[in-house]
């Protein structure tokens, strides 16, 4: 990679400069998705996307596949959006032509709610050169970045090679074992879901005992970009109190919207923290696991 890699955020201007100076060294991924309408994200991509961007579908590319009977196969986590194995993920990256020497840039139209998933998965695959386009497609279009419609042109297949994971994946068993210890769980769901007052998606309402609550969208400012690092630092310091930031494990409903919190902590200057990808949907699937409300 000719230029130093971007590993957290990249601005539209920086991406434009990178595309002009090293067009073959960067791949852009559009991760737009709608949980209630699984086909809507790809339709929005077909309508308009950053020129040359590849579509990364949460259900098809960023979650474990299903067999003909609807059973999840080759999963690395539980929950409603189980992670695919690293090997399955690497196969998809190779199919779209992504190489180990490339800079990845991820974006969506959803406040990083879905782009963060691919950002984390690439880190988990051992690839550090991945950055979130700050402000998403909206910021790109506002600065006059090139866009296009329709399906992408085909890419030559590559051979993406997995490296040692750069981010930590926690299992339900590990989270359960650490309850009551120094572990600090941060739940990114809406406060009413966290408190157990409503539960529109999972069979049980409530949260993991002792978990703190920080809604994922809290990290994004009115301009659609991440808040400044100092502001994020102050907010997380207030949330954590005297808890050690190094003990933090992030979760949400299915391991997707937890990522804006995880990324925001890194923007704020904390060391990388862990992800419980199975999240509440996996946790509450076993009645033996304790549940807290309120």
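Taken together, the values in this text are just the output of simple stated rules run on the coordinates, not laboratory data. Everything numeric here is computed off the predicted structure, so don't read it as measured data. Methodologically, a virtual Cβ is constructed for each residue, glycine included, from the backbone with ideal geometry; neighbour enumeration extends over all protein chains shown.
Summary table below
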| quantity | calculated |
| --- | --- |
| Among beta bridges that DSSP assigns inside the chain, antiparallel share in %, nearest 5 | 20 percent |
| Gaussian network model of the chain, springs between alpha carbon atoms under 10 Å - residue of 16, 174, 251 with greatest fluctuation | 174 |
| Ellipticity estimate at 222 nm from DSSP helix runs (n ≥ 4, -39,500 (n - 2.57)) divided over the chain, nearest 500 | -7500 deg cm²/dmol |
| The chain, relative contact order [Cα under 8 Å, separation at least 6], % | 21 percent |
| Highest to lowest packing among 72-79, 130-137, scored as the average C-beta count within 10 Å | 130-137, 72-79 |
| Length gained when the stretch residue 218-residue 230 is fully extended (0.36 nm per residue, less Cα-Cα span) | 2.9 nm |
| Most mobile of 64, 104, 13 in a GNM of the chain (Cα contacts under 10 Å) | 13 |
| Simple label model, 7 Å out from Cα along Cβ direction - residue 291 to residue 243, nm | 2.1 nm |
| Relative contact order (%) - the range 9-148, alpha-carbon pairs under 8 angstrom, separation at least six | 32 percent |
| Among 12, 260, 228: highest mean-square fluctuation, GNM of the chain, C-alpha pairs under 10 Å | 228 |
| Cα gyration tensor category, rounded, prolate or oblate, for the chain with a/c compared to 1.5 | prolate |
| Gyration tensor verdict on the range 125-166 (Cα atoms; rounded if a/c is under 1.5, prolate if a/b is larger than b/c, oblate otherwise) | oblate |
| Label-to-label distance, nm, for residues given as residue 192 and residue 8 (7 Å Cα→Cβ offset) | 3.4 nm |
| Cα gyration tensor shape of the range 10-50, rounded if a/c is under 1.5, else prolate or oblate by comparing a/b with b/c | prolate |
| For the range 1-145: span of alpha carbons on each principal axis (Å, largest first) | 47, 30, 21 |
| In nm, spacing of pseudo-spin labels at residue 182 and residue 73 (7 Å Cα→C-beta vector) | 4.3 nm |
| The range 169-283, relative contact order in percent, only Cα pairs under 8 angstrom and at least six apart counted | 34 percent |
| Diffusion constant of the range 141-294 at 10 °C, which comes from Stokes-Einstein with the Kirkwood Cα-pair radius and 1.306 mPa s, µm²/s | 92 µm²/s |
| Fraction of beta bridges assigned by DSSP in the range 169-283 that are antiparallel (%, nearest 5) | 10 percent |
